[in-house]
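Some notes on the structure that comes next.
The values are calculated or read from the model by the stated rules, or taken from the named source; none is laboratory data. Remember, it's a predicted structure, so these values are computed and weren't measured experimentally. Cβ placement follows ideal geometry from the backbone for every residue including glycine, while neighbour counts extend to all protein chains displayed. Areas reflect the complete protein model, heavy atoms only, side chains present, ligands, DNA and RNA absent. Shrake-Rupley method; radii C 1.70, N 1.55, O 1.52, S 1.80 Å.
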Amino acid sequence: VRARVMQVEHSPSIRYDDIGGLETQMQEVRETVEMPLKSPEMFETVGIQPPSGVLLYGPPGTGKTMLAKAVANQTDASFIKMAGSELVHKFIGEGAKLVRDLFEVARENEPAVIFIDEIDAIASKRTDSKTSGDAEVQRTMMQLLSEMDGFDERGDVRIIAATNRFDMLDEAILRPGRFDRLIEVPKPGIEGRKIIFQIHTREMNVSDNVEFEQLAEMADDASGADIKAICTEAGMFAIREDRTEIGMGDFIEAWEKIQSESNTDGDTAR
Ligand code: ATP
């Protein structure tokens, strides 16, 4: 079961300079996750405890997973990922057991960064906590909080959670000593979009006529993941026409295609 729901990567290949437009978020993640892993003695000398958990929140595809992976890379840590939805099970005690396994795997792979995506799946405000499914989810969350409480002795394990649904979260997980450092990861602004276009075209054979400024302006409201999709699609347009160079027209067509797709599948979140 472990192998199926938990994803373990040793020192993932994402680096900070693969991430565009999130300088302040990166700075905060470095202070709260990287520093405690790299220089725990600093915190001891100063006499403060590093934040237990860091919560990244914002729309889908904005770089939350990338930030967590980049920290793991920078600290040569294992990256252990689990989706909150994987922790929601029908059988009593299964979710709590997976949480225990998660922390055990992290300890076996120290230093480690635990990344729990979709934390809202186990930590939502409940409208009716009397139904049995909800009670089980509640127990899973309690197990997570209790693992986090025993953190001091844990040493080289840091925990990052992410959600697209900040408004849905149960305040209990945001209390001091839990996910007490909140970092908003928004969609990129125009400058961010320009940098993200540059990042994703690094390896592409882009024509001289491509204006990144203009692309950034065009892809208004795009997330980082959307920009990546535009670049790939632009490359596909070139391949379809048997060209090896990608021009401005390809990017424009790609954007139009991606926009029309996201309008028809009713995905208003992006
Ligand atoms: P979700 O909430 O859907 O899990 P996320 O915020 O974790 O999304 P990521 O998985 O980090 O998003 O991003 C998905 C992909 O989009 C990345 O692999 C990358 O290619 C691209 N991307 C997203 N944000 C950025 C960014 N700020 N800079 C560069 N690339 C980005």
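Below, the figures for the structure above:
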quantity	calculated
Region 2-24, subset within 21 Å of GLU118 (Cβ to Cβ) and not β-branched (Val, Ile, Thr), residue nearest to the ligand (Cβ to nearest atom)	LEU22
Residue within region 149-165 that is away from the ligand (no atom under 16 Å from the Cβ), under 23 Å from GLN25 (Cα atoms) and either among the aromatic types (Phe, Trp, Tyr) or at pLDDT 90 or above (or both) present	yes
Some residue of region 50-62 being assigned to a loop (DSSP other than H, G, I, E, B), among the small types (Gly, Ala, Ser) and at pLDDT below 95	yes
Helices (runs of 4 or more DSSP H) completely within region 1-45 that count 1 or more residues being more than 20 Å from LEU102 (Cα to Cα) and not acidic (Asp, Glu)	23-29, 35-38
Residue check, GLU136 open to solvent by less than 60 Å² (accessible area, probe 1.4 Å) and more than 16 Å from the ligand (Cβ to nearest atom)	yes
Hey, SER262 closer than 23 Å to ASP120 by Cβ, open to solvent by 30 Å² or more (accessible area, probe 1.4 Å) and either within 11 Å of the ligand (Cβ to nearest atom) or out of contact with any helix residue (DSSP H, G or I) (no Cβ under 6 Å at 6 or more places or on another chain) (or both) or not	yes
Test for THR62: is it more than 16 Å from the ligand (Cβ to nearest atom) and of a type in the set (S, T, N, Q)	no
Residues (away from the ligand (no atom under 16 Å from the Cβ), touching a helix residue (DSSP H, G or I) at 6+ places or on another chain (Cβ under 9 Å) and over 25 Å from ASP170 (Cβ atoms)) located in region 25-59	GLU34, MET35, PRO36, LEU37, LYS38, MET42, PHE43
Filter result (open to solvent by less than 70 Å² (accessible area, probe 1.4 Å) and assigned to a helix (DSSP H, G or I)) within region 169-190	ALA172, ILE173, LEU174
Residue, nearest to the ligand (Cβ to nearest atom), within region 196-228, restricted to residues that are under 21 Å from the mean Cα position of the chain (by Cα) and surrounded by 21 or more Cβ atoms within 10 Å (Cβ to Cβ)	GLY224
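Conditions tested, residue by residue: (1) more than 23 Å from PHE197 (Cα to Cα); (2) touching a residue at least 24 places away in the same chain (Cβ under 8 Å).
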site: ASP18; (1), (2): no, yes
site: THR24; (1), (2): no, no
site: MET35; (1), (2): yes, no
site: GLY61; (1), (2): no, yes
site: LYS81; (1), (2): yes, yes
